[in-house]
Amino acid sequence: MTHAMDRADLLAPMAPEFRLLCLAARAAGPEEFAATCAKVGDWGAVWSGALFHRLVAPLEATIGRAAPGVVPKGLVQDLQRQVIVESLQCRKLAAELTVLVQRFEAAAIPVLVLKGIALSIHLYGAPASRGLGDIDLLVAPAELKRADRVLRQAGYRRKGAAFIEYPAGPRHARIKDICYVHGDTKVVVELHQRLTENPHLLPWAHEDLWRQREFVEVEGTAVPVMPAHLLPVYLAVHGAGHCWERLRWLADLADLLRPGRQAKQALATAREMGLARPFGDALALCHHWLGLPVDASLLPAPGTLSPFIRRFFAGNRWNHSPRPGDLEWLRRQSLWGRLHRLSLRTEWRYQAWELVATLIWPPDWEVIRLPDSLFWLYPALRPLGWILRRRHRP
């Protein structure tokens, strides 16, 4: 039994270009795909959308099953070339991932690989199926400094976060991850000390995840990953925390929950953790946009998601991220994004952390250097930090 509201009701306000990407993400049949192609007025938006939402490979594959001529030849050629580029790049990322896992193992630092190539192999059996991304590594907070040393010895340069060189202080607790870029290959690594920006959103201890870890084989190396039974909740919370900015994240969750993969059990786990709202919304989007069969009893009431879709996907919002500091960015991220994240969990510690996060902005730490004893001044200095960051923005 599926929801009484047909999924077209939530797709109706969306541009045909976005609907086409949804069809590609769920490997729709040739006839349904061709009918939507006939409504597309901006093939450039389809191309840019495929890149932005990391759906180049599934779009190229879906076009390959469609009748010739339903998609402009130039776009087909661009997609075919991009598939080759992404495949080569993912091979490079896979090789680098195995090297890093071995380096962390040699340093006796327990590290878990999040998303990326490991998830692509787990879900689709190939490293390039999820499009291009970076390498995400999770370590215990106590190992953050040693992990930083391992990455820098491997040729990576840390972007900001100079505070990590000093004894643990208030800055350490406010940071979820640190970004690194390799000096030669330009591979990007995000080193995480927890799974979510707000530690009260998904408070799984690293030691518990490590104890339950599973393995995915990448280039002949057994790579430790999150236990499979927790993966649906993590993917839903990760996507919700980013306002489902990329359709790729939703497609991963939908493919993980296809018939036989226990959507009901995953929702029960989310409810036990107080995360029924974000997981239920994710199920609804998977159902209405990507055709995931879901029992009506598991879905939120019709219309619940309409404001969210209007704020983050209406018009051309589905196809780009606004530039930080611009008016659209302030409206979408600083206002609507913060309100959305506040709604993800009602527990008071989660809410308190979110409210404090509006007053403390880590990029300010790079332009206004204060000792830990004066850390409490940062909320009052946020306007000055905003001005200084705009002056230094390239």
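The values are calculated or read from the model by the stated rules, or taken from the named source; none is laboratory data. On a predicted model such as this, the values are computed, not experimentally measured, just so you know. Here the Cβ positions follow ideal geometry from the backbone for every residue, glycine too, while neighbour counts run over all protein chains shown. Each accessible area value is taken on the protein alone, full model and side chains, heavy atoms only, with ligands, DNA and RNA left out. Shrake-Rupley method; radii C 1.70, N 1.55, O 1.52, S 1.80 Å.
Things to note:
- For the chain, the longest principal axis of the C-alpha atoms and the axis of helix 263-272 are separated by about 30°.
- For the chain, the relative contact order works out to 17 percent when only alpha carbon pairs closer than 8 Å and six or more residues apart are counted.
- Site pair His200 and Asn316 shows an inter-label distance of 4.0 nm when each label is modelled 7 Å from Cα along Cα→Cβ.
- Neighbour net charge for Ala357 - beta-carbon separation under 10 angstrom, K R +1, D E -1: +1
- Beyond 23 Å in Cα-Cα separation lie the following of the pairs Lys73/Lys186; Lys39/Lys73; Lys176/Lys264: Lys73/Lys186; Lys176/Lys264.
- Solvent-accessible surface of protein heavy atoms, probed at 1.4 angstrom with all chains present, puts Ser343, Ser373 in the order Ser373, Ser343, largest first.
- Taking the alpha carbon gyration tensor of the chain, multiplying each eigenvalue by 5 and rooting it gives semi-axes of 34, 25, 23 Å, largest first.
- Neighbours of Ile84, meaning other residues whose beta-carbon lies under 14 angstrom from its beta-carbon, give a summed charge of 0 when Lys and Arg score +1 and Asp and Glu score -1.
- Order by protection proxy (mean Cβ within 10 Å, highest first), peptides 227-240, 156-169, 279-292: 279-292, 227-240, 156-169
- Sorting the segments 29-36, 127-134, 200-207 by their residues' average number of neighbouring beta-carbon atoms within 10 angstrom, most packed first, yields 127-134, 200-207, 29-36.
- Computed about the Cα centre, the dipole magnitude for the chain is approximately 940 debye when only Lys and Arg (+1) and Asp and Glu (-1) carry charge, each at its Cβ.
- Take the Cβ atoms of Glu105 and Glu366, set R0 to 35 Å, and the FRET efficiency comes out at 0.60.
- Computed with a 1.4 Å probe over protein heavy atoms only, the accessible area of Lys73 comes to about 150 Å².
- 9 Å beta-carbon shell around Cys179, net charge (K/R +1, D/E -1): -1
- Judged by the ratio a/c of the largest to the smallest principal axis of the C-alpha gyration tensor, region 309-394 counts as oblate, that ratio being 1.5 or greater while a/b is no larger than b/c.
- Taking the charge dipole of region 280-394 about its Cα centre, with +1 at Lys and Arg Cβ atoms and -1 at Asp and Glu Cβ atoms, the residue from Trp329, Gln351, His340 reaching farthest to the positive side is Trp329.
- The C-alpha atoms of the chain define a longest principal axis, and helix 16-25 lies at about 80 degrees to it.
- Label positions at Ala357 and Ala228, each projected 7 Å from the Cα along the C-beta direction, are separated by 3.1 nm.
- For the chain, the 222 nm mean residue ellipticity estimated from helices alone, with every DSSP H stretch of n ≥ 4 adding -39500 (n - 2.57) and the total spread over all residues, rounds to -14000 deg cm²/dmol.
- Degrees, to the nearest 10: 43-52 long Cα axis against longest axis of the chain: 40 degrees
- Highest average packing first - 107-117, 379-389, Cβ atoms within 10 Å: 107-117, 379-389
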